[in-house]
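First up is the structure itself, then whatever we jot down about it.
Just so you know, all these numbers are worked out from the coordinates, no wet-lab data involved. Source: prediction; values computed, not measured. Note: ideal-geometry Cβ built from the backbone for every residue, glycine included; neighbour counts use all protein chains shown.
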């Protein structure tokens, strides 16, 4: 499922409708929310200072440290006065404290931190 569809479905459900309901045009109701979902995602292309600063910035700083292990990230965040979010501790590759997470996981951590900041959870 694409990000656009996921966002459109969430918007539809948040509005109190069944995203899978088939409408008069023989399409699912979530399709009506597709233009709004696209607009919302386009707005996230250019991160705000809030998104780029904070946790995402701290994670980027950690990527330049050696070793780049979960243990050093957690220590870095604590020394920076930031609480380590539970989602970060729960990330499967972050549970092994002394191994270096994959590049994909590191990218996903920055992405998650930026999205959480955008919606006021970071």
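Taking the conditions (1) in contact with a helix residue (DSSP H, G or I) (Cβ under 8 Å, 6 or more places away or on another chain); (2) in a helix (DSSP H, G or I) in turn, residue 68 satisfies each one other than (2).
So, in the stretch 22-54, exactly how many residues are loosely packed, with under 11 Cβ neighbours inside 10 Å and over 20 Å from residue 119 (Cβ atoms)? The number of residues fulfilling the criteria is 4.
Does residue 103 count as free of Cβ contacts under 8 Å to residues at least 12 places away in the same chain and either surrounded by fewer than 15 Cβ atoms within 10 Å (Cβ to Cβ) or out of contact with any helix residue (DSSP H, G or I) (no Cβ under 8 Å at 6 or more places or on another chain) (or both)?
In short, yes.
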